[in-house]
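Everything below concerns the one structure shown next.
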Amino acid sequence: ARWFGARLPTATRIPLLYNGDWRATPRNAGFDWRIRQVPGVLVEVHPGRDRSGDLHIRLLGRRVVETGVEHAVLLPPGHYRLDWRERSQSLRATRGLGWRIACANGRPLAASAPLDGSRPWREQHLGFQVPAQECPGAWLRLGSGGEGGGGQVASGEAWFSDVRLARDPSGPPTP
């Protein structure tokens, strides 16, 4: 909560995913987006002022596993839903590009359907469950689509916007 103190107005509820609307330039610290340099991947953030901004990924035809885009999240046990908007242009990758969420200890929780080809803006979502045991924190990462960790040769462009994370009350009780 201390990290958020200087970034949120008084009496504002702390979001489960900070800066998912890309209105601010990521600070690469705390519970904000972290963007690492990865060979073969160019990442740009286009902050929005009166509207949501977007994340632009350009893949340069090299073997990549991750884009270097990640966000730490601290979630109590339960069911959650990740929502976002995405589009792509000439994106070519064997397994596409997608979001993965995993516990800090590496235990995978979920992976989104891969984005590939050329697509206009579309809404996407991913439901997942955080277990009651052995998941003290989690990481949301953008990388090779689907399950698995091997790299893939990837080229093209993708944009992401309005990334939101919320509890999903329609999920069954967490054991």
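Odds and ends about this structure:
- The charge dipole of segment 62-115, taken about its Cα centre with unit charges on the Cβ of Lys, Arg, Asp and Glu (plus for the first two, minus for the last two), comes to roughly 240 debye.
- On a per residue basis, the chain carries 53 Å² of accessible surface, using protein heavy atoms and a 1.4 Å probe.
- The apolar share of the surface of the chain, taken as the fraction of accessible area on carbon and sulfur atoms (1.4 Å probe, ligands and nucleic acids excluded), comes to 50 percent.
- Which of Gly96, Leu126, Val41, positive extreme of dipole for the chain (C-beta unit charges): Val41
- Highest mean packing comes first when the peptides 60-68, 135-143, 116-124 are listed by Cβ atoms within 10 Å, giving 135-143, 60-68, 116-124.
- One decimal place: the segment Ser155-Glu44 gains 38.4 nm when fully extended, by the rule 0.36 nm per residue minus the C-alpha distance.
- Pairwise FRET efficiency - Ser90 versus Gln124, Cβ, R0 = 22 Å, nearest 0.05: 0.70
- Rg and Dmax of the chain, both derived from C-alpha coordinates alone, stand at 15.9, 46 Å.
- Subtracting the Cα-Cα distance of Ser170 and Ala113 from their residue separation scaled by 0.36 nm leaves 18.4 nm.
- Net charge dipole, the chain: roughly 240 debye, given to the nearest 20, about the Cα centre with Cβ charges of +1 for Lys and Arg and -1 for Asp and Glu.
- Length gained on full extension, Arg81 to His56: 6.7 nm, using 0.36 nm per residue less the C-alpha separation.
The values are calculated or read from the model by the stated rules, or taken from the named source; none is laboratory data. A quick note: this is a predicted structure, and the numbers were derived from the prediction, not measured. For neighbour counting, all protein chains shown are included, and Cβ atoms are generated from backbone atoms with ideal geometry for every residue, glycine included. Each accessible area value is taken on the protein alone, full model and side chains, heavy atoms only, with ligands, DNA and RNA left out. Shrake-Rupley method; radii C 1.70, N 1.55, O 1.52, S 1.80 Å.
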